[in-house]
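To start, the structure itself, in structure tokens.
Read-outs: derived from the displayed coordinates by stated rules, not from any lab. All figures in this text were calculated on a predicted structure; none of them were measured in a lab. Please note: Cβ atoms are built from the backbone with ideal geometry, for glycine as well, and neighbour counts cover all protein chains shown.
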Amino acid sequence: MTDSWWGPLVVSAAALVVVWLALVLVLVLANPRGRSLNEAMRLLPDLLRLVRRLATDRELPLGVRLRLWLLLAYLALPIDLVPDFIPVLGHADDAIVVTVVLRSTARKAGSLALRRHWPGTAAGFSALCRLTGLKEP
């Protein structure tokens, strides 16, 4: 009878590994148009301020703001989709997730809203436009 609890535990662990691998694959495939992860990583501090500012902008649709709040919650959690000890992808998963959410936000809010809330330099905003696929206003 004591051996019967190992079966479900092993199956659960295997399922978690499969789900984790699927999420890693999604993150790798979601890299927008082959843009450099280094570019996104360099912009991360300004992007975080931008996301917070956009999330509190009452002029944006509720769905966009909710998506941004969920992104902030994901970034605040100590658990990542890809653990940080994995080379390259471990630290890049946050940048990829931010980029994917910002692409979606940029389509709904427009480049003018992003420009209005952008805390960084003009060169940084140009890089943001490249990452999100937007044309600069």
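Points worth noting:
- Here the 3J(HN,Hα) profile of segment 127-132, calculated from phi with Karplus coefficients 6.51, -1.76 and 1.60 at θ = phi - 60°, is 5, 4, 4, 5, 5, 8 Hz, Gly and Pro shown as x.
- Cα-projected label distance for residue 84 with residue 6, points at 7 Å along beta-carbon direction, nm: 3.6
- Dipole-positive endmost among 74, 90, 120 within segment 44-137 (Cβ charges, Cα centre): 120
- Remark: 126, 111 ranked as 126, 111, counting other beta-carbon atoms within 10 Å and listing the fewest first.
- At most 15 other Cβ within 10 Å, DSSP loop - chymotrypsin sites (Phe, Trp or Tyr not before Pro), segment 56-137: 85
- Here the Karplus curve 6.51 cos²θ - 1.76 cosθ + 1.60, taken at θ = phi - 60°, turns the phi angles of segment 46-59 into couplings of 5, 5, 5, 5, 4, 4, 5, 5, 5, 5, 9, 7, 5, 6 Hz, with x standing for Gly and Pro.
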